[in-house]
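A short write-up of the structure that comes next.
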């Protein structure tokens with residue numbers, strides 16, 4: 001009887017130890033989000049990431065959304081310093097740190113967010129990663145929003161009307177595009193744009209269609225001016241704190257590594273494209289008028305922004321990257 005009791009006691013301890021180990025193995029990654037509850041990163045990307053990690057890990061690895069941990073320009077530091085485990089950053093908000101990422105933002109690159117994001121990530125892996133611009137973090141994917149346009153309170157039908165306008169331009173290559181067109185550029189994070197336009201600090205904004213809806217800009221700006229040749233886009237990164245990555249179990253790290261890369265970038269870009277369609281439809285429903293640049297206007301835009309490419313490529317070269325080869329690769333991916 002004593003032997004039986006000892007055996008049962010030992011089995012109970014073993015089961016309890018196993019259950020405790022399984023419980024301890026559960027991991028929840030904090031996802032830092034800063035763009036509001038309607039934004040695609042909160043409604044589409046984070047839930048998708050959470051489900052994929054749970055599916056891969058049998059439910060033991062998941063993601064929890066946290067809003068407002070830091071303002072947009074501080075997101076990189078927030079992830080690097082471990083305030084949050086994972087989050088998304090705007091490369092152009094960290095001035096001077098990211099130069100290689102400017103390549104995908106240049107005017108004249110056509111395509112939607114899905115195709116541009118996949119090409120961007122492929123180029124990053126092949127050419128940009130050795131520059132090690134992002135330190136203290138793992139870069140899971142680089143991606144972009146859809147085609148950017150000019151959205152204003154007063155109607156514009158020509159780039160010549162942009163000269164002197166107070167427009168929020170947002171950082172990165174968008175700043176250079178605004179300057180080339182003669183705009184009076186106003187820099188601020190995206191969440192501050194609504195107040196800037198409503199108060200008269202800005203008369204309009206460089207934004208994709210998605211953001212017109214998610215940041216309620218369609219309530220204020222009723223005119224859009226778009227260029228099918230590609231006016232600009234904005235580059236983003238989905239990053240994971242290095243310590244958080246190193247601290248994962250081998251199985252959990254495998255789940256992260258399985259997701260990361262070109263296909264993750266493509267998927268995120270697809271979500272942004274879907275959000276663009278919603279943003280366009282909702283904005284038109286609320287009275288937005290969309291004007292498309294004529295052939296003459298597109299030629300004017302190309303002429304005015306022609307110097308930007310050489311400037312960006314020179315900056316990228318300064319990071320020890322063969323910028324010309326990288327651009328050729330990116331364009332080959334877009335085909």
Inset, instruction - Assess whether residue 61 counts as being closer than 22 Å to residue 241 by Cβ, more than 17 Å from the chain's Cα centre (by Cα) and at pLDDT 95 or above. - result: yes
Legend entry - Pairs where the first residue, in region 226-250, is assigned to a loop (DSSP other than H, G, I, E, B) and the second is at pLDDT below 95 and surrounded by fewer than 17 Cβ atoms within 10 Å (Cβ to Cβ), C-beta under 6 Å, 6+ apart: 230/108; 230/110
Inset, instruction - State whether one or more residues within region 89-111 are in the same structural domain as residue 36 (by TED's automatic domain parsing), in a strand (DSSP E or B) and either on the phi < 0 side of the Ramachandran plot or touching a strand residue (DSSP E or B) at 6+ places or on another chain (Cβ under 6 Å) (or both). - result: yes
Inset, instruction - Have a look at 70, 42 and point out the one that is under 24 Å from residue 168 (Cα atoms), at pLDDT 95 or above and outside any helix (DSSP H, G or I). - result: 70
Legend entry - Residue among 54, 44 that alone is in contact (Cβ under 8 Å) with a residue 12 or more places away in the chain and surrounded by fewer than 20 Cβ atoms within 10 Å (Cβ to Cβ): 44
Legend entry - Count of residues meeting criterion [surrounded by 14 or more Cβ atoms within 10 Å (Cβ to Cβ) and assigned to a helix (DSSP H, G or I)] in region 303-330: 13
Inset, instruction - Mind counting the residues in region 191-208 that are farther than 9 Å from residue 168 by Cβ and either in a helix (DSSP H, G or I) or not assigned by TED's automatic domain parsing to the domain that holds residue 222 (or both)? - result: 5
Legend entry - Test: residue in region 177-186 that is in a helix (DSSP H, G or I), in contact (Cβ under 8 Å) with a residue 24 or more places away in the chain and either crowded, with 21+ Cβ neighbours inside 10 Å or touching a strand residue (DSSP E or B) at 6+ places or on another chain (Cβ under 6 Å) (or both): yes
Legend entry - Flag for residue 169 being closer than 25 Å to residue 291 by Cβ and without any contact (Cβ under 8 Å) to a residue 60 or more places away in the chain: yes
Inset, instruction - Output yes when any residue across region 214-226 is closer than 15 Å to residue 92 by Cα and in contact with a helix residue (DSSP H, G or I) (Cβ under 7 Å, 6 or more places away or on another chain), and no when none is. - result: no
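The values are calculated or read from the model by the stated rules, or taken from the named source; none is laboratory data. Here the structure is a predicted model, which means the values were calculated and not measured. Because the Cβ atoms are built from the backbone with ideal geometry, glycine has one as well, and the counts that use them run over all protein chains shown.
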